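The structure appears right after this line, and notes come after that.
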Amino acid sequence: MVDHRSVDVGGTRLSFQVSGPTDAPPVVLLHALGEDATDWDLVAVALAAGRRVYALDLRGHGRSDWPGEYSLELMRADVIGFLDALALDRVDLIGHSMGGIVACLLAEDHPRRVNRLVLEDVAAPRPRAKTTPTRPEGELTFDWDMVLAIRKQIDEPPRAWLERLGLITAKTLVVGGGPRSHVSQDGVAELGRLIPGAQVVTIAAGHLIHRAEPKAFTEAAETFFRCAVKEDQQSW
C-alpha cells in the first residue's frame, strides 16, 4: 500500500510517497529532471517487500511546491531537511540522472547520512555542449523555470562538484544505461572511478533503466545492498 504524504521543509512543501514496513531499512528515491515520485512505482513495489521506501517529488516537480527558486544545491538541502523532518538518520539513496547528481552532492556534504548509494546513468559532472530546451506544449507537471535553471547548472557544473566526489564514503553502485543512452557512458565510468570503491555495472536499456528494465535494475540494487551489508558485518 502506498501512502501519499507531504512535509514542510523550510517553508517549502515536499510531497512524497511511502510504502513498505515501518520498521524496515529506509531507502529514498530521487527522480530525474521533469519526473516525479510516480516514476519509481514499479521499482518501489519491489523494494517495499523488505524496505521502507520513500519516493520524493523534488521542488518544482509534481505535487511539491514550485517556489520559483531552483538549484541542485537547494534540492540537496531539501532532501536533508526531508530526512530531518522524518527523523531518518541514515538511509540508502537511489538517484536517477538529475536525482543522482543531488544524491552525489548530499553524499559529499553529509556522508554520515548515507549508508549506500545507487546512481542510475549519471556521468561525472563536467561541462558539456549547451543546448536550448524546447518547452513541451500543454500543461506541465513540473515548473519550466526549474528546467532552465537546472539545465544551466548541469551544462556548466561548478568544479567543486567533481573535486569533492572523493569525499563520498558511502558504498556506491553506478549503473550505466549502455550505448542506447544519451548520457556519455565514458562519463558514467569516470564517475565510478572518482567515487572511492564504487562498483560500475551496465544494464543496456538506455537512460531510463529502471523503467525499461525494472526487474534487472531492482535486482542489481538489491544484490548490491545485500553484499554491502555482508561486507559491513564481516568488518565488525
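Miscellaneous remarks
- Within the stretch 193-211, the set of residues being more than 17 Å from the chain's Cα centre (by Cα), of a type in the set (A, V, I, L, M, F, W, C) and open to solvent by 60 Å² or more (accessible area, probe 1.4 Å) comprises L194, A204.
- Every condition in (1) polar (S, T, N, Q); (2) in contact with a Gly (Cβ under 7 Å, 6 or more places away or on another chain); (3) surrounded by 17 or more Cβ atoms within 10 Å (Cβ to Cβ) is met by Q153 except one, and the failing one is (2).
- When the stretch 11-41 is limited to residues that are of a type in the set (G, A, S) and closer than 17 Å to I209 by Cβ, the one that is surrounded by the fewest Cβ atoms within 10 Å (Cβ to Cβ) turns out to be G34.
- Failed criterion for A77 (all others in (1) open to solvent by 50 Å² or more (accessible area, probe 1.4 Å); (2) among the small types (G, A, S); (3) in a loop (DSSP other than H, G, I, E, B) hold): (3)
Rundown of residues vs (1) open to solvent by less than 60 Å² (accessible area, probe 1.4 Å); (2) hydrophobic (A, V, I, L, M, F, W, C); (3) closer than 19 Å to D39 by Cβ; (4) not in a loop (DSSP other than H, G, I, E, B), yes/no style:
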{"position": "P157", "(1), (2), (3), (4)": "yes, no, no, no"}
{"position": "L162", "(1), (2), (3), (4)": "yes, yes, no, yes"}
{"position": "L165", "(1), (2), (3), (4)": "yes, yes, no, yes"}
{"position": "V188", "(1), (2), (3), (4)": "yes, yes, no, yes"}
{"position": "L191", "(1), (2), (3), (4)": "yes, yes, no, yes"}
{"position": "E219", "(1), (2), (3), (4)": "no, no, yes, yes"}
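The values are calculated or read from the model by the stated rules, or taken from the named source; none is laboratory data. Everything numeric in this text was worked out from a predicted model, so none of it was measured. No Cβ is skipped: glycine too gets one built from the backbone with ideal geometry, and neighbour counts run over all protein chains shown. Side chains are part of the model used for accessible areas, which takes the heavy atoms of the whole protein and leaves out ligands, DNA and RNA. Shrake-Rupley method; radii C 1.70, N 1.55, O 1.52, S 1.80 Å.
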